[in-house]
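Beneath this line is the structure, given in C-alpha cells, with notes to follow.
The values are calculated or read from the model by the stated rules, or taken from the named source; none is laboratory data. Everything numeric here is computed off the predicted structure, so don't read it as measured data. Using ideal geometry, Cβ is built from the backbone for each residue, glycine included, and neighbour counts are taken over all protein chains shown.
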Amino acid sequence: MKIEILGTGCAKCVKTKEIVEKALQESGLQADVVKVEDYETILSYGVMITPGLVIDGEVMIAGRIPSVDNVKNWIIGQ
Amino acid sequence: MTENMKCGCECECECESEIVGIYPCSGSANVGIISNQLAIGLTKAGKGKMLCTAGIGAKIPGQLRSAEGCDRVVVIDGCPMNCASKIFENAGIAVDEHIVVTELGVKKTRDMDIEDSILSESLEKCVKLF
C-alpha cells in the first residue's frame, strides 16, 4: 500500500502525516508513506487545497486533517 | 505555480483560516464570461480561491474532495439556468452562497466583449456580498 500526503510541509500537513503513522501503528498494517511537496504532482490529482491524502492513487481527503479512525477505515478498506 | 495552491493550515504560508472556494459557471454568454472574471477578481481581492467547476461536473475525485474541504462554497452562475449550482446539486455538495450575474443587473447577451465598467461594477457588488 502506498500513502501519499500532499502538502508543502506546513502544520496541517505535518499533522496529517502523524495521524497516518498513528493509524498504521494502531491497525498493525504497513505502507509506504510518501510526502508529496511538488505542486504539479499535487495538482495532477485535482487537489487544489492541502493537506491532501492519497491512498493507492485515490484521493481520500483534501483541505482537512483526517481523523485517525478515518484513516484506519480507509487503509483497512484497501 | 505556488500561488495556485491553497493550504488549509494556520502557518505562515499563503493559507487563510477560512477556505472559501469560488466556482463560476464559465458559460459562453456574456454573463458566463463575467462569472469567470468575477471569480478571478474575487480571488485577487483575497475573498477566496477560484476553483474548477468543470472538475466537479466531471466528478474528478481530487476536485470533489477539494470542494468538500472548503469551509464555504460560493457558486457564481451567469443566468437563472443555474448550471453551476446544479452541478453542485448533482455532486451532492452544499452551496453556501449563490450569486447570479443577471441579478447584479447585467442583461444576458451573446456579446463576448465585456466592458470594463460592467466588470468592475459587478465585482464591486460581489465583494459587498462577502
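What the table shows:
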| quantity | calculated |
| --- | --- |
| Segments classed as strands (runs of 3 or more DSSP E), wholly inside chain A, with at least 1 members that are more than 10 Å from every other protein chain (Cβ to nearest Cβ), modelled with pLDDT of 95 or more and surrounded by fewer than 16 Cβ atoms within 10 Å (Cβ to Cβ) | A:2-6, A:32-36 |
| Looking only at segment B:1-40, and only at residues there that are in contact with a Pro (Cβ under 9 Å, 6 or more places away or on another chain) and part of a loop (DSSP other than H, G, I, E, B), the one that is modelled with the lowest pLDDT | B:Cys9 |
| Filter result for B:Val106 (over 15 Å from the mean Cα position of the chain (by Cα), touching a residue at least 24 places away in the same chain (Cβ under 8 Å) and farther than 28 Å from A:Tyr45 by Cβ) | yes |
| Hits in segment B:103-117 - residues which are surrounded by fewer than 17 Cβ atoms within 10 Å (Cβ to Cβ) and assigned to a helix (DSSP H, G or I) | B:Glu103, B:Asp116, B:Ser117 |
| Given (1) outside any helix (DSSP H, G or I); (2) free of Cβ contacts under 8 Å to residues at least 12 places away in the same chain, index of the condition B:Glu89 fails | (1) |
| So B:Val100, is it more than 10 Å from the chain's Cα centre (by Cα), surrounded by fewer than 15 Cβ atoms within 10 Å (Cβ to Cβ) and not acidic (Asp, Glu) | no |
